[in-house]
Amino acid sequence: MKLMEQINYQYPYIQIAKLNKLSIFRWCMQLAKDQRIKEIVVQTDALAVVECIRGSNSIASIEHIVADCKTLMNAFSKVSVSFISRFECFSP
């Protein structure tokens with residue numbers, strides 16, 4: 001069993017946190033689309049979510065929302081998705 005799979009099995013609340021972050025990500029993109037915004041920049045402290053969106057990681061329990069996010073991303077002319085640590089968020 002891979003380390004990440006083992007952690008997710010032993011600590012299911014980690015999956016819930018990823019689901020919450022991804023749901024917020026999706027909601028923000030839908031809001032931007034509804035407002036007819038053409039270019040968006042998304043920065044999040046959820047590395048696993050960024051990896052799933054970029055396709056370098058896959059987590060079965062959230063893959064349906066990842067697929068929905070990817071579909072929404074096609075509505076924009078430019079989308080930037082990046083990881084930023086919590087510490088960087090609050091630095092001056």
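Read-outs throughout are calculated quantities, based only on the coordinates presented, and are distinct from any laboratory measurement. Just so we're clear, the structure is a prediction, and the values are computed from it rather than from any experiment.
Work out from phi, with θ = phi - 60° and the Karplus expression 6.51 cos²θ - 1.76 cosθ + 1.60, the ³J(HN,Hα) of each residue of the stretch 56-65, listed in order in whole Hz, and give x for Gly and Pro.
Whole-Hz 3J(HN,Hα) from phi for the stretch 56-65: 8, 8, 9, 10, 4, 5, 10, 4, 5, 6.
Multiply the residue separation of K33 and A75 by 0.36 nm, subtract the distance between their alpha-carbon atoms, and state the gained length in nm to one decimal. Each step should come with its number before you reach the end.
Details: separation 42, 0.36 × 42 = 15.12 nm, distance 0.69 nm.
Extending this stretch completely gives an extra 14.4 nm.
If amide hydrogens are placed 1.01 Å from N in the peptide plane, which non-local residues have theirs closer than 5 Å to the one on V42?
S80, V81, S82
Once you treat every alpha carbon in the stretch 45-88 as an equal point and sum by Debye, what is log10 I(q)/I(0) at q = 0.15, 0.31, 0.34 Å⁻¹?
-0.40, -1.13, -1.20
Less than 16 Å apart at the alpha-carbon level, and either on another chain or at least 8 residues along: which lysines does that give for K78?
K33, K38, K70
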